[in-house]
Amino acid sequence: MSKLSKGQIIDNKYSVSFFLKKGSYAETYRVQNEAKETKLLKLFDFAKLHRTQFTESSEILEIEILKGGFNYPQDATFVDLFVGSGLLSHFVKQNNPSAKVVYNDYDNYFERLKHIPATNVLLAELRTILADWPKDKRITDATRDRVLSCVEQADSKGFVDYVTLSSSLLFSMCYVTDLKGLKAATLYNVVRMSDYNADGYLTGVERVSLDYKALYEQYKENKNVVFLVDPPYLSTEVGVYKSYWKLKDYLDVLQVLDNRPYVYFTSNKSNIIELCDWIGSKTSIANPFTGATTKTVNVTMNYSSTYTNMILYK
Ligand SMILES: C[S@@+](CC[C@H](N)C(=O)[O-])C[C@H]1O[C@@H](n2cnc3c(N)ncnc32)[C@H](O)[C@@H]1O
């Protein structure tokens, strides 16, 4: 059950449009301000934050990061080399409205955003089919057939956003990318109850769709460019994403950090910082992270599994 409800007014300024997601220490909502612009509202539960999630000045670290507390010039160009959903590009643009922000839509997320109205129609049909089916329970028998034939019909008419649909029909964190995958999967009634709405999302951000190396080549000579570097996690992203990211690919990325401002995202799971420390001290190759500022955020997956997200910038 989310803490805020639809239509609730926050701080006399923001009206809650809908609940987006719940994390281990925060809930996220889409809201509208008085000018009817769409904004993201993140509601932090202070009691659930770990002390490492605060900066030295007791601000919440994530907020500081989203505010863009990096002190780059106002007229800098931010080039987001690895984009995924574009959240980072969106936040950077919102917090630096006069900056040029280039968003590398390698996965063609734009296609999914464009089809939000069709996705909402399909979800509404699924809600009707599943109206009497218990929430969170496995969908079987004739109801499963009805769900699949509803999706099949939509598929025969055009684009179906299977990744988004997965979060309404599959077990948490499971994804399929086509009808065949959906037919082979175990379905659950986890259908989202509200419509998706991406009004204002990525507004003012320039979209390209390239291999990151080609995009880097285009901007590398420009001194006023800050590269945002959030590469795929090492050998983990199969399925939703196009490629399987190996150690060599991961190390290749470090070349874009050479002698220039950057914001680099990784986690302690990758061991990349340790590896670069070792290379810097034992070989003649320079450690690209020397002189960078590091911020960390601990992430709790469940009671036995935590890891640390790291942001290094200079
Ligand atoms: C960790 S995600 C980035 C998430 C992103 N920061 C966001 O806000 O959603 C890494 C992304 O890099 C994309 N990617 C994989 N290979 C790539 C390549 N050769 N060039 C550019 N992007 C690539 C993946 O498909 C994935 O979307």
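Computed from the coordinates by the stated procedures, all read-outs in this text should not be read as laboratory data. Predicted, not measured: the structure shown is a model, and the values here were computed from it. Every residue, glycine among them, receives a Cβ derived from its backbone with ideal geometry; neighbour counts consider all protein chains shown.
How far is helix 141-157 tilted off the main Cα axis of the chain, in degrees rounded to 10, range 0 to 90?
Roughly 60 degrees, rounded to the nearest 10.
Could you work out how far the C-alpha centroid of segment 171-223 sits from that of segment 98-161, in angstrom?
13
So what does the Cα-only Debye profile of segment 1-48 read at q = 0.30 Å⁻¹, as log10 I(q)/I(0), no solvent term?
Here the Debye-derived log intensity ratios amount to -1.13.
Given +1 on the Cβ of Lys and Arg, -1 on the Cβ of Asp and Glu, and no further charges, what dipole in debye does segment 129-238 carry about its Cα centre, rounded to the nearest 20? Please report the intermediate quantities before stating the final value.
On the way: 13 positive and 16 negative charges, 48 e Å.
So the dipole magnitude of segment 129-238 works out to roughly 240 debye.
How many percent of DSSP beta bridges within the chain run antiparallel, rounded to 5? Could the numbers behind the result be given before it?
Values: 31 of 45 bridges.
In the chain, DSSP labels about 70 percent of beta bridges as antiparallel.
Could you pull out the pairs from Lys114/Lys157; Lys100/Lys223; Lys3/Lys269; Lys213/Lys248 whose alpha carbons sit more than 22 Å apart here?
Numbers: Lys114/Lys157 16 Å; Lys100/Lys223 14 Å; Lys3/Lys269 32 Å; Lys213/Lys248 14 Å.
From Lys114/Lys157; Lys100/Lys223; Lys3/Lys269; Lys213/Lys248, over 22 Å: Lys3/Lys269.
How large is the helix-only mean residue ellipticity at 222 nm for the chain, computed as the sum of -39500 (n - 2.57) over DSSP H runs with n ≥ 4, divided by its residue count, in deg cm²/dmol to the nearest 500? Before the final figure, lay out the partial values.
Details: 10 runs with 92 residues, N = 314.
Mean residue ellipticity, 222 nm, calculated: -8500 deg cm²/dmol.
What residue among Asp249, Asp80, Asp11 has the largest mean-square fluctuation in a Gaussian network model of the chain, using Cα springs under 10 Å?
Asp11
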